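Report on the structure given below.
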């Protein structure tokens, strides 16, 4: 167990950040799944910018790698274009 006040605070901060990152990452994955399963082009076209924004935010916060975000955005854009 930690002995210093600062390390105890750091443990609390890490726990809060981990929970927030998990929530945001899971929400984004669900949005990606919805977009992939959509068959309506109009609906998918409106969802794409929102999902792309979510991926950019995760990459900016270093929750996912920036290349992974770029690859996912590319695949989703191709999917929407093929509808």
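Couple of notes before you dig in:
- So residue 70, is it surrounded by 18 or more Cβ atoms within 10 Å (Cβ to Cβ) and free of Cβ contacts under 8 Å to residues at least 40 places away in the same chain: no
Condition check ((1) within 16 Å of residue 52 (Cα to Cα); (2) at pLDDT below 95) across all residues:
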position	(1), (2)
5	no, yes
15	no, no
18	no, no
29	yes, no
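- Options 41, 22: the member that is surrounded by 11 or more Cβ atoms within 10 Å (Cβ to Cβ) and either in contact with a strand residue (DSSP E or B) (Cβ under 8 Å, 6 or more places away or on another chain) or modelled with pLDDT of 95 or more (or both): 22
- Any hit, region 2-19, residues being surrounded by 14 or more Cβ atoms within 10 Å (Cβ to Cβ) and out of contact with any helix residue (DSSP H, G or I) (no Cβ under 7 Å at 6 or more places or on another chain): no
- Enumeration of residues in region 73-83 that are in contact (Cβ under 8 Å) with a residue 40 or more places away in the chain and surrounded by 13 or more Cβ atoms within 10 Å (Cβ to Cβ): 76, 79, 80
The values are calculated or read from the model by the stated rules, or taken from the named source; none is laboratory data. Bear in mind that the values here come from a model prediction, so they are computed numbers and not experimental data. No Cβ is skipped: glycine too gets one built from the backbone with ideal geometry, and neighbour counts run over all protein chains shown.
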